[in-house]
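For reference, the structure is listed below as structure tokens.
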Amino acid sequence: MSARRLRSIVRKETAQLLRDRRTLGIMITLPIIQLVLYGYLTNEVLHQPTAVWDQCACSESRILVRAFENTRYFAVRWWVRDLREMERRLDRGQAKIGIVIPPDYARRLRAGEVAQVLVVVDASDATSARVVLSVASGVGARLSQDLTVQLLRRRGQRTVPQPVEVRTRAWYNPDLRSQVFIVPGILGAILQFTTTFLTIGVIVRERELGTFEQLVVTPIRPAELMLGKILPLVALGYINLTFILALAWAWFGVTVKGSLLLLYVLTLAFFFSSLGLGTLISTVSRTFTQAAQLAQLILLPSILLSGFLFPRESLPPPLQWVGLAVPLTYYLTVIRGILVKGVGIEALWPSILALVGLGVVVFAAAIVRFQKKLG
Amino acid sequence: MTEVAVRAENLTRIFDGLVAVDHVSFEIPPGRKWGFLGPNGAGKSTTIRMLCGILSPTEGTAWVLGRDVRREAEAIRARIGYMTQRFSLWRDLTVRENLEFYGGVYGLWGAELRRQVEAWLEHAGLAARQHDLVANLPGGLRQRLALGCAVLHQPEVLFLDEPTAGVDPLSRRQFWELIDRFAEEGTTVIVTTHYMDEAEHCDELAFIYNGRLIARGAPEQIKRTRMPGVVLEVRTDRLMEALAACERHPLVQEAALYGAAVHAIVEDVAVAPRLLQDLRASGFAVESIEPVLPSLEDVFVALVEAEEG
């Protein structure tokens with residue numbers, strides 16, 4: 001390894017990167033677009049348009065509807081007069097939820113009988129439907145409890161405390177803001193995307209332009225060439241990281257709870273493995289198009305398998321295992337750990353070891369493939 | 001100094017069953033301008049690439065500056081320069097940045113690097129455009145820049161693979177002046193070319209055809225000894241008709257236009273009076289018919305035809 005040769009390569013690569021306006025433009029616009037897109041893409045199911053067929057039209061039924069609305073999941077848009085109208089609203093997608101209150105609702109309540117209320121949900125989107133259904137059941141349970149207490153009081157009996165009380169606390173993200181989960185994920189996904197593609201760009205480009213042949217006859221060693229090409233990309237990756245963090249803070253108020261320094265240090269382990277992946281892809285591809293397709297083939301599933309959008313635990317076990325080979329999986333643990341939970345190295349070391357291990361494997365494979373021969 | 005700059009022994013390369021270079025052997029003494037001639041696909045570039053150690057020989061081997069290209073390619077690299085057939089500098093870097101990069105990877109540094117870069121910029125007439133992007137440079141200047149990148153570290157052996165392909169005649173001449181200067185300073189120059197006028201610049205030539213060496217020697221020597229037959233230069237009026245008449249003549253093997261004359265290849269000088277008589281009889285105002293030294297092109301064409309025959 002010669003420091004002079006390495007410096008020459010780093011200098012050349014830096015000059016070329018800085019002159020490549022299009023790539024730099026993508027590095028800046030991509031995070032903005034992704035953050036805006038995914039940042040507002042929440043998994044909350046608020047303000048669902050609701051149609052109500054209130055056959056009772058009494059004060060009790062009004063209390064019931066208000067209880068639904070107070071959860072913020074239901075927004076009553078339509079007061080319908082029959083079942084057919086309700087069906088029509090649901091069919092057309094004008095309403096996602098239908099609530100049917102029977103004519104004898106108030107009478108049954110006063111008589112201490114069971115009053116049935118029907119909640120119909122458009123379950124085309126199963127995930128949202130599941131949330132709405134459980135909220136609806138909750139509303140029912142809560143109301144029943146209140147009514148029971150009132151009934152007992154009216155009869156002059158003492159109320160008994162609930163046998164089981166479940167108290168909930170949302171740790172790390174008390175306001176349950178989905179951006180807190182999504183934004184660090186986008187950060188990792190963008191970094192993985194840009195670093196891998198940049199690596200492919202700077203390595204395959206030489207082969208396509210024919211400059212590779214000229215490089216091969218020089219005394220440059222493969223490791224020097226690789227390192228010289230990668231170091232400027234690491235610097236660019238850090239600039240990108242800083243930019244995204246600033247953007248996430250300014251736009252969504254997502255701050256770094258843990259140590260910023262630790263985040264930067266551990267990101268190096270991620271760069272190591274994602275740049276290695278890019279290098280490996282470049283060495284097995286002849287053209288940029290080929291390499292880019294291969295990268296898409298690897299990156300797209302890796303984003304889904306890493307737990308970027310869905311919890312990894314909900315995937316079937318074989319897919320979870322595949323996800324273990326994806327650098328992003330570990331990096332997401334690291335950034336969510338530092339950004340959201342504010343934990344330190346004591347909680348993150350298994351992920352760090354995995355990242356470094358993956359990096360060593362892909363780089364070793366890349367160096368074996370990266371021969372200074374034309375054929 | 002080694003006695004032989006480059007030595008090839010049964011150098012062979014097979015690509016997927018296709019023999020590109022077929023048991024080629026030669027020796028090149030140091031300080032020579034060695035020309036490698038042959039049609040496209042004859043195996044010139046493949047041979048050069050093997051000599052530079054970037055392509056493994058299938059069989060045989062070569063020594064460059066006494067080192068085996070199969071096993072010691074890395075040791076050879078610092079002492080040779082190579083200019084590829086395809087223009088291969090970075091268009092998004094400036095003239096100076098390209099030179100500095102190559103100087104740097106060959107171990108030049110600081111003041112020495114600056115001195116060498118300045119010297120070449122001056123030498124090659126690139127000083128005024130040193131801060132221009134290569135993308136904006138005309139072909140002739142690009143070629144000189146590429147040469148500079150290959151010679152900045154003062155290599156002992158310089159490989160040039162069709163360095164003047166697609167360059168205008170004036171630029172070609174300036175380019176060869178630069179090459180001549182290297183040779184004078186003791187660099188061994190190995191150059192492949194299509195252009196016969198460039199071949200005349202070389203101390204020694206090797207003709208390669210279908211992967212095999214079919215002739216070797218100094219240009220004069222090749223012209224004198226390797227021509228199967230005699231070239232008669234026919235100076236006459238109505239050139240095109242005279243050419244057709246020569247081609248039809250039973251004693252002429254081959255005829256071609258050469259400048260303002262017809263070159264007719266015959267078996268023996270004794271044919272000349274007979275040809276003169278016949279042409280005059282056909283009404284041509286023949287000025288003279290004289291045996292001349294064949295051009296390299298004549299020899300080359302004749303050799304290739306003999307191979308194919």
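The values are calculated or read from the model by the stated rules, or taken from the named source; none is laboratory data. This structure is a prediction, so every number in the text was calculated from the model and none was measured. Using ideal geometry, Cβ is built from the backbone for each residue, glycine included, and neighbour counts are taken over all protein chains shown.
Kindly indicate whether B:VAL262 is surrounded by fewer than 18 Cβ atoms within 10 Å (Cβ to Cβ) and among the β-branched types (Val, Ile, Thr).
no
Please find, among B:LEU243, B:LEU276, B:LEU303, the residue that is closer than 30 Å to B:LEU11 by Cβ, modelled with pLDDT under 95 and among the aliphatic types (A, V, I, L, M).
Going through B:LEU243, B:LEU276, B:LEU303 in turn, just one is closer than 30 Å to B:LEU11 by Cβ, modelled with pLDDT under 95 and among the aliphatic types (A, V, I, L, M): B:LEU303.
Just checking, how many residues over segment B:113-134 are more than 14 Å from every other protein chain (Cβ to nearest Cβ), assigned to a helix (DSSP H, G or I) and not charged (D, E, K, R)?
Counting residues in segment B:113-134 that are more than 14 Å from every other protein chain (Cβ to nearest Cβ), assigned to a helix (DSSP H, G or I) and not charged (D, E, K, R) gives 6.
Which one of the conditions (1) within 27 Å of A:ILE9 (Cα to Cα); (2) away from chain A (no Cβ under 14 Å) does B:ASN10 fail to meet, given that it meets all the rest?
(1)
So, B:GLY148, is that one more than 10 Å from chain A (Cβ to nearest Cβ), part of a helix (DSSP H, G or I) and surrounded by 20 or more Cβ atoms within 10 Å (Cβ to Cβ) or not?
It is true that B:GLY148 is more than 10 Å from chain A (Cβ to nearest Cβ), part of a helix (DSSP H, G or I) and surrounded by 20 or more Cβ atoms within 10 Å (Cβ to Cβ).
So A:TRP171 passes all but one of these: (1) within 22 Å of A:GLN296 (Cβ to Cβ); (2) surrounded by fewer than 20 Cβ atoms within 10 Å (Cβ to Cβ). Which condition number does it fail?
For A:TRP171, the exception is condition (1).
Just give me the residues in segment B:279-309 being in contact (Cβ under 8 Å) with a residue 12 or more places away in the chain, surrounded by fewer than 17 Cβ atoms within 10 Å (Cβ to Cβ) and farther than 20 Å from B:ARG216 by Cα, in sequence order.
Filtering segment B:279-309 down to residues in contact (Cβ under 8 Å) with a residue 12 or more places away in the chain leaves B:279, B:282, B:284-307.
Within this subset, residues satisfying the condition of being surrounded by fewer than 17 Cβ atoms within 10 Å (Cβ to Cβ) are B:282, B:285, B:287-288, B:290-293, B:297, B:301, B:305-307.
Those that are in contact (Cβ under 8 Å) with a residue 12 or more places away in the chain, surrounded by fewer than 17 Cβ atoms within 10 Å (Cβ to Cβ) and farther than 20 Å from B:ARG216 by Cα: B:SER282, B:ALA285, B:GLU287, B:SER288, B:GLU290, B:PRO291, B:VAL292.
Just to check your reading of the model, which residue among B:ALA8, B:ALA20 is in contact with a Phe, Trp or Tyr (Cβ under 7 Å, 6 or more places away or on another chain) and either over 15 Å from B:THR192 (Cα atoms) or at pLDDT 90 or above (or both)?
Just one listed residue meets the conditions, B:ALA8.
Is there a residue being charged (D, E, K, R), in a loop (DSSP other than H, G, I, E, B) and without any contact (Cβ under 8 Å) to a residue 40 or more places away in the chain anywhere in segment B:9-30?
Within segment B:9-30, one or more residues are charged (D, E, K, R), in a loop (DSSP other than H, G, I, E, B) and without any contact (Cβ under 8 Å) to a residue 40 or more places away in the chain.
If I ask for residues that are surrounded by fewer than 21 Cβ atoms within 10 Å (Cβ to Cβ), among the charged types (D, E, K, R) and outside any loop (DSSP other than H, G, I, E, B), which ones from segment B:70-86 would you list?
B:GLU74
Search segment B:247-260 for residues that are over 21 Å from B:PHE300 (Cα atoms) and pair each with any residue that is assigned to a loop (DSSP other than H, G, I, E, B) when their beta-carbon atoms are under 7 Å apart and the residues are at least 6 apart or on different chains.
Final answer for the pair search is none.
Going through segment A:236-269 one residue at a time, which ones are surrounded by 14 or more Cβ atoms within 10 Å (Cβ to Cβ), part of a helix (DSSP H, G or I) and either touching an Asp or Glu at 6+ places or on another chain (Cβ under 8 Å) or small (Gly, Ala, Ser) (or both)?
Across segment A:236-269, the qualifying residues are A:GLY237, A:ALA248, A:ALA269.
For segment B:136-144, state whether one or more residues are out of contact with any strand residue (DSSP E or B) (no Cβ under 7 Å at 6 or more places or on another chain), within 12 Å of chain A (Cβ to nearest Cβ), in contact (Cβ under 8 Å) with a residue 24 or more places away in the chain and surrounded by fewer than 23 Cβ atoms within 10 Å (Cβ to Cβ). Give the steps one after another, and end with the answer.
Initially, segment B:136-144 is screened for residues out of contact with any strand residue (DSSP E or B) (no Cβ under 7 Å at 6 or more places or on another chain), giving B:136-144.
Checking the rest, the ones that are also within 12 Å of chain A (Cβ to nearest Cβ) come to none.
No; the residues of segment B:136-144 include none that is out of contact with any strand residue (DSSP E or B) (no Cβ under 7 Å at 6 or more places or on another chain), within 12 Å of chain A (Cβ to nearest Cβ), in contact (Cβ under 8 Å) with a residue 24 or more places away in the chain and surrounded by fewer than 23 Cβ atoms within 10 Å (Cβ to Cβ).
Across segment B:45-69, what is the number of residues that are within 11 Å of another protein chain (Cβ to nearest Cβ), buried (at least 22 other Cβ atoms within 10 Å of the Cβ) and closer than 13 Å to B:ASN10 by Cα?
Residues meeting the conditions: 2.
Residue by residue through segment A:1-31, note down the ones that are among the hydroxyl-bearing types (Ser, Thr, Tyr) and within 10 Å of another protein chain (Cβ to nearest Cβ).
A:SER2, A:SER8
What are the residues in segment A:135-183 that are closer than 30 Å to A:ILE244 by Cβ and either touching an Asp or Glu at 6+ places or on another chain (Cβ under 7 Å) or of a type in the set (Gly, Ala, Ser) (or both), if any?
Answer for segment A:135-183, where residues must be closer than 30 Å to A:ILE244 by Cβ and either touching an Asp or Glu at 6+ places or on another chain (Cβ under 7 Å) or of a type in the set (Gly, Ala, Ser) (or both): A:ALA170, A:SER178.
I need a count of the residues in segment B:31-44 that are free of Cβ contacts under 8 Å to residues at least 24 places away in the same chain and surrounded by 24 or more Cβ atoms within 10 Å (Cβ to Cβ).
Of the residues in that region, 0 qualify.
Taking segment B:88-112 as the region of interest, how many residues are within 7 Å of another protein chain (Cβ to nearest Cβ), over 28 Å from the mean Cα position of the chain (by Cα) and either at positive phi or not in a helix (DSSP H, G or I) (or both)?
Number of matching residues: 4.
Of all residues in segment B:285-309, how many are among the hydrophobic types (A, V, I, L, M, F, W, C), in a loop (DSSP other than H, G, I, E, B) and closer than 20 Å to B:MET240 by Cα?
2
With the requirement that a residue be in a loop (DSSP other than H, G, I, E, B) and acidic (Asp, Glu), what does segment B:262-280 give you?
B:GLU267, B:ASP268
Looking at the structure I just gave you, is A:VAL164 in a helix (DSSP H, G or I) and surrounded by fewer than 21 Cβ atoms within 10 Å (Cβ to Cβ)?
no
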